[in-house]
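**Student:** One structure follows; several queries about it will come next.
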Amino acid sequence: MEKMWSGRFIGSASSLLDQFNASIMFDRKLYREDIEGSLAHAAMLTKQGILTTEEFRQITEGLNQVMSEIESGVFEWKISDEDLHMAIEKRLTAIIGDAGKKLHTARSRNDQVAVDFRRYVLRKNLEIVDALKLLMHEVLVVASKHTETILPGMTHLQHAQPINFAFHLGAYLAMFKRDIERFESSHKRNNISPLGCAALAGTPHNIDRNMTAELLGFDGVSTNCLDTVSDRDFALEILFNISTMMMHISRLSEELVMWSSYEFGFVELSDEYSTGSSIMPQKKNPDVPELLRGKTGRVYGSLMGLLTVMKGLPLAYNKDTQEDKEGVFDAVETAELSLEILKEAIKTMQVKPHNMEKASKIGHLSATDLADYLVQKCNIPFREAHFITGKAVAKSEELKIDLSDIELQYLQEIDSRIDEDVLKFLSITNSMNARTSAGGTATLRTKEQLEYFKSFLGV
Ligand code: ARG
């Protein structure tokens, strides 16, 4: 089988080399980007007088035929063709003859693959943004119903202060908003065309890079060709951005796993998104959030993999770079599937406010409020107030009750400066609603936060 680059070779390539060297098994995913890139390149070559109008017509027709052969599944992907660029060009030439051989004028596979892969990544940035927005929307729907549903806010996984469930979900809305902004800024930064950089140094042909950039939807052309053909920052950025997003998804998943346990009982995942055990008939397992947590690891692996591929490469293109694609494809597919299934799991889960409120009555969640009361109403220095509150907590423990239920007389025995108005400070609901500082959990503030995220989504 003759290679496109076989001119200077006498012996033919071993089939072991074909297997090792080829990327066609995975880069064929980029066929649309590749054909669109070729169409734009051919249009530019024609405008510049490098191709005739007749050659352009043949190339366009031929490429459209190749596209439909690929989409209908009749295109033959052969490992001996090495990569999709050569497979498509070879098929084009088989269909239209000599005009096909002119398409690669003023172009190299180095700028060609940079265009194809970059455009794939740019498109995926925007698709992931759309999926993140749909997820945020579902989280907002649940949050809107629970601005008064109290649960224990935690630090060190210990009950700390009462918050409401919408406020808790609002933390994830803030994370997902940052994720969206990261994908968008990466898209903006990387939306420049590599086409026309050729192998590494540009080309002596009279090309118009701005024209192909515009035809392919880029904002402009890259500045330095040597950098452009070996730059994979756009791929690293999407891997980092997906990794960070998956880290957020994984943290929420961890909470869903805990919350759906008997010990918490804060939510119940729907049957549709839960699984059973093969041996224990009573079980309902949260496989979805567990897998989301687990898949985060492999996305990190792809990020570390590509960072490592890139770190030792001299300028410009090196074949190592071919290893850039599979990790990105896998991470993108993982991200898309994860966003979709998390959205459905959240949409269909049942929230259990009663259990959340019950848990809020454990652990003396309004202890800080008693200390704040002593400071504000009795003019006691905070350290002393902290100590007095400690005594009140100890008394509640002794009485086997929560601090929010302690009777006034016990508090007054501890410190006579305490007055009847303390009781409303001890109520769990009042404690939550007292936190009215900007970004705080008070229902009033939480509602403002939800409005902020709604307007971010434009709903
Ligand atoms: N299949 C190659 C890749 O994915 C295309 C570029 C090949 N360029 C070269 N000079 N061998 O990176």
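**Student:** Can you list the trypsin sites (Lys or Arg not before Pro) in segment 233-325 that are in a DSSP coil and have 10 or fewer other beta carbons within 10 angstrom?
**Tutor:** Here the sparse-neighbourhood loop sites are K311.
**Student:** Do any cysteines of the chain lack a neighbour Cys whose Cβ is under 4.7 Å away, and which are they?
**Tutor:** Among the cysteines of the chain, those whose Cβ sits 4.7 Å or more from every other are C378.
**Student:** Still on this structure: Run through segment 221-295 and list the GluC sites (Glu not before Pro) located in a DSSP loop whose Cβ has at most 15 other Cβ atoms within 10 Å.
**Tutor:** Answer by residue number: E263.
**Student:** Name the lysines eligible as straight-distance cross-link partners of K124: C-alpha to C-alpha under 21 Å, and not fewer than 8 places from it in the same chain.
**Tutor:** Filter leaves K29, K133, K177, K188, K295, K325, K343.
**Student:** Another question, then. In sequence order, what are the phi-derived ³J(HN,Hα) couplings for segment 336-348 according to the Karplus relation 6.51 cos²θ - 1.76 cosθ + 1.60 with θ = phi - 60°, rounded to whole Hz, with x for glycine and proline?
**Tutor:** Calculated HN-Hα couplings, in order: 5, 5, 5, 4, 5, 6, 5, 4, 5, 4, 6, 4, 9 Hz.
**Student:** For segment 207-261, what % of the accessible area comes from carbon and sulfur atoms, probe 1.4 Å?
**Tutor:** Result for segment 207-261: 48 percent of the exposed heavy-atom area is carbon or sulfur.
**Student:** Compute the separation of the alpha-carbon centres of segment 33-51 and segment 137-151 and state it in Å as a whole number.
**Tutor:** Answer, in whole Å: 52.
**Student:** Looking at the chain, identify the longest residue range that excludes and avoids all chymotrypsin sites (Phe, Trp or Tyr not before Pro) in DSSP loops having at most 11 other Cβ atoms within 10 Å.
**Tutor:** 10-261
**Student:** Can you send over the carbon and sulfur percentage of the accessible area for segment 13-158, probe radius 1.4 Å, protein chains only?
**Tutor:** Ligands and nucleic acids excluded, carbon and sulfur give 53 percent.
**Student:** Rounded to whole Å, give me the distance from the Cα center of segment 188-235 to that of segment 68-131.
**Tutor:** First find each Cα centre; the distance between them is then 17 Å.
**Student:** OK, next. How much of the accessible area of segment 326-374, probe 1.4 Å, is carbon plus sulfur, in whole percent?
**Tutor:** Ligands and nucleic acids excluded, carbon and sulfur give 55 percent.
**Student:** If you plug each phi of segment 79-95 into the Karplus form 6.51 cos²θ - 1.76 cosθ + 1.60 with θ = phi - 60°, what whole-Hz ³J(HN,Hα) values come out, in order, with x for Gly and Pro?
**Tutor:** 4, 6, 7, 6, 9, 5, 4, 6, 5, 5, 5, 5, 5, 4, 5, 5, 7
**Student:** In addition: Leaving ligands and nucleic acids out of the surface, order T147, T60 by accessible area at 1.4 Å, largest first.
**Tutor:** Descending order: T60, T147.
**Student:** Sticking with this one: Once both axes come from the Cα atoms, what is the angle between helix 165-190 and the longest principal axis of the chain, in degrees from 0 to 90, rounded to 10?
**Tutor:** Rounded to the nearest ten degrees, it is 20.
**Student:** DSSP loop (so not H, G, I, E, B), at most 10 other Cβ within 10 Å: list which GluC sites (Glu not before Pro) in segment 64-138 pass both filters.
**Tutor:** E76
**Student:** At 1.4 Å probe radius, can you tell me the per residue accessible area of segment 142-257 in Å²?
**Tutor:** Averaged over the residues of segment 142-257, the accessible area is 40 Å².
**Student:** To make sure I understand the rule: partners must be aspartates and glutamates, Cα under 12 Å from the Cα of K347, and not fewer than 8 residues away in the same chain. Which ones qualify?
**Tutor:** Cα-Cα hits under 12 Å: E138, E268, E272.
The values are calculated or read from the model by the stated rules, or taken from the named source; none is laboratory data. No experiment lies behind these values; they were computed from the predicted model shown. Backbone-built Cβ (ideal geometry, glycine too); neighbour counts: all protein chains shown. SASA here: full protein model, heavy atoms, side chains in, ligands and nucleic acids out. Shrake-Rupley method; radii C 1.70, N 1.55, O 1.52, S 1.80 Å.
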